Amino acid sequence: MAGNRILLWRHGQTDWNVANRFQGHSDIPLNTLGQYQARHAAEILAGMEPTAIISSDLMRAQKTAQTLAEIVNLEVSIDARLRETNGGLWEGKTGAENRAEDFHNFIRWIDGEDNPAGTTGEKRSEVADRAVRAIKKALGDKTDQLLVVTTHGGTARCILGSLLQ
């Protein structure tokens, strides 16, 4: 990946973000503010002259990526490995609900431990592994690239944790 730059871009806001619901693999669309955020950020990112854009397959990330793609005239490559963490039994529930129902596991996870999200979901290490593989595939043996990776907050944190080790 030498000589390349990777820009991690979290999708715009959804109604579940506002409600503090664990989205995970649930395919929730951007809300009106999220669409505005994507357009505004895309206008700024376009000036950085990206050479490629990859995105999670979930609609909130795809829509965000597409706003940039339309400005810079690039195709968005979709890769499911860039999805948010599978939240297991926590998906669709608020943080307060998850704390009430699964306090110790939820707090361990919030504190950054590598336990499965929602008991049956993914570990951070698993998310990092799949997402970094997607980035490496997108870059291949190319050099001097600015790869925009349109993903999710949790996935972006996992990628950073892995790449900065």
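The values are calculated or read from the model by the stated rules, or taken from the named source; none is laboratory data. Note that this is a predicted model, so its numbers are computed, not measured. Cβ: placed from backbone, ideal geometry, glycine included. Neighbour counts: every protein chain shown. When the accessible area is computed, the model is the full protein with side chains, heavy atoms only, and any ligands, DNA or RNA have been set aside. Shrake-Rupley method; radii C 1.70, N 1.55, O 1.52, S 1.80 Å.
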Taking Cα atoms, how many degrees apart are the long axis of helix 32-46 and the longest axis of the chain, rounded to 10 and kept between 0 and 90? 40 degrees
How much of the accessible area of segment 1-111, probe 1.4 Å, is carbon plus sulfur, in whole percent? 51 percent
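When Lys and Arg each count +1 and Asp and Glu each count -1, what net charge do the other residues less than 12 Å away from Lys93, Cβ to Cβ, add up to?
-2
Can you tell me the dipole magnitude for segment 1-117 around its Cα centre, using point charges on the Cβ only (Lys, Arg +1; Asp, Glu -1), in Debye to the nearest 20?
Numbers: 11 positive and 16 negative charges, 36 e Å.
Around 180 debye, computed over segment 1-117.
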Can you tell me the length gained on complete extension of the stretch Thr51 to Glu97, counting 0.36 nm per residue apart and subtracting the Cα distance? 12.4 nm
I'd like to know which of Asn105, Thr155, Val132 lies farthest towards the positive end of the charge dipole of segment 75-165, counting +1 on Cβ of Lys and Arg and -1 on Cβ of Asp and Glu. Val132
With an 8 Å cut-off on Cα pairs and a minimum separation of 6 or more residues, tell me the relative contact order of segment 1-144 in percent. 27 percent
Can you compute the modelled spin-label distance between Tyr36 and Arg5, with each label point 7 Å from Cα toward Cβ, in nm? 2.8 nm
Once phi is turned into ³J(HN,Hα) by the Karplus curve 6.51 cos²θ - 1.76 cosθ + 1.60 with θ = phi - 60°, what whole-Hz value does each residue of segment 57-65 show in order, with x for glycine and proline? 7, 6, 4, 5, 7, 4, 5, 4, 4
Quick one: how many Å² of Thr85 are accessible to a 1.4 Å probe, rounded to 10? 10 Å²
Applied in sequence order to segment 5-15, the curve 6.51 cos²θ - 1.76 cosθ + 1.60 (Karplus, θ = phi - 60°) yields integer Hz couplings, x standing for Gly and Pro, of 10, 10, 10, 8, 10, 7, 4, x, 5, 10, 5
Once you have a ≥ b ≥ c as the square roots of the Cα gyration tensor eigenvalues for segment 54-106, tell me rounded if a/c is under 1.5, and otherwise prolate or oblate according to whether a/b is larger than b/c. prolate
Mind checking which of Phe22, Ile78, Leu146 is farthest towards the positive end of the chain's charge dipole, using Cβ charges of +1 (Lys, Arg) and -1 (Asp, Glu) about the Cα centre? Leu146
Pick out which of Asp57, Asp129, Asp141 has the largest mean-square fluctuation in a Gaussian network model of the chain, springs linking Cα atoms closer than 10 Å. Asp141
For the chain, longest principal axis from Cα atoms; helix 124-139 axis from its Cα atoms; angle between them, nearest 10 degrees, is 10 degrees
Take the chain, connect every pair of alpha-carbon atoms lying under 10 Å apart with a spring to form a Gaussian network, then pick out the residue of Gly47, Gly87, Gly118 with the largest mean-square fluctuation. Gly47
Report, by chain and number, residues whose modeled amide H sits under 5 Å from the one on Ala52, excluding near sequence neighbours (fewer than 5 apart, same chain). Leu146, Val148
Summing -39500 (n - 2.57) over the DSSP H runs of n ≥ 4 in the chain and dividing by its residue number, what mean residue ellipticity at 222 nm do you reach, to the nearest 500 deg cm²/dmol? -13500 deg cm²/dmol
